[in-house]
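I have placed the structure first, in the form of structure tokens, so that the comments after it can refer back to it.
The values are calculated or read from the model by the stated rules, or taken from the named source; none is laboratory data. Owing to the predicted nature of the structure, the values given are computational and were not obtained by experimental measurement. Positions of Cβ are backbone-derived with ideal geometry, glycine not excepted, and every protein chain shown enters the neighbour counts. We work out accessible area using only protein heavy atoms, side chains counted, and drop any ligands, DNA or RNA first. Shrake-Rupley method; radii C 1.70, N 1.55, O 1.52, S 1.80 Å.
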Amino acid sequence: MPHNKFRFSLQATIMWLVCGVVALALIVTGYMIEHETAKNTEYLVKEKARAVARAIATTPLVADALSHKLPEEGIQRYADHIR
């Protein structure tokens with residue numbers, strides 16, 4: 001009875017190790033790309049929100065309401081209208 005029934009040849013062992021390393025490299029690279037894309041998207045969304053907030057904050061209605069301590073209802077209606 002042969003003893004090496006389940007043993008792989010050296011060539012097969014190296015092939016499986018190389019496939020494992022390549023698979024691991026692809027998984028890590030995919031994770032890194034996804035992470036960078038998510039960070040970039042989050043940054044762009046935040047910047048857009050800041051730009052909109054700055055634009056709205058400089059409108060005469062908001063500036064007057066904040067400087068003259070006018071009631072919040074005017075600003076709230078304006079915010080609801082913009083949304």
Structure-based [θ]222 nm, the chain - -39500 (n - 2.57) summed over DSSP H runs of at least 4, per residue, nearest 500
-28000 deg cm²/dmol
For the chain, with a Gaussian network of springs between Cα atoms less than 10 Å apart, report the residue from I33, I14, I56 with the top mean-square fluctuation.
I14
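With a 1.4 Å probe and all protein chains kept in place, how do H81, H68 rank by accessible area, largest first?
Working: H81 150, H68 120 Å².
The residues order as H81, H68, largest area first.
Computed FRET efficiency, Cβ-Cβ of M32 and A57, R0 35 Å: what is it to the nearest 0.05? Let's see the in-between values first.
Numbers: r = 37 Å, r/R0 = 1.06.
After rounding, the FRET efficiency stands at 0.40.
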Of the chain, which part is the longest with no chymotrypsin sites (Phe, Trp or Tyr not before Pro) in a loop (DSSP not H, G, I, E, B) and with at most 14 other C-beta atoms within 10 angstrom?
9-83
Expressed per residue, the solvent accessible area of the stretch 30-83 in Å² (1.4 Å probe) is about 89
Quick check: at a probe of 1.4 Å, how many percent of the accessible area of the chain sits on carbon and sulfur atoms?
68
Would you work out which of L44, Q76, M32 lies farthest towards the positive end of the dipole of the chain, given +1 charges on the beta-carbon of Lys and Arg and -1 on that of Asp and Glu, about the Cα centre?
M32
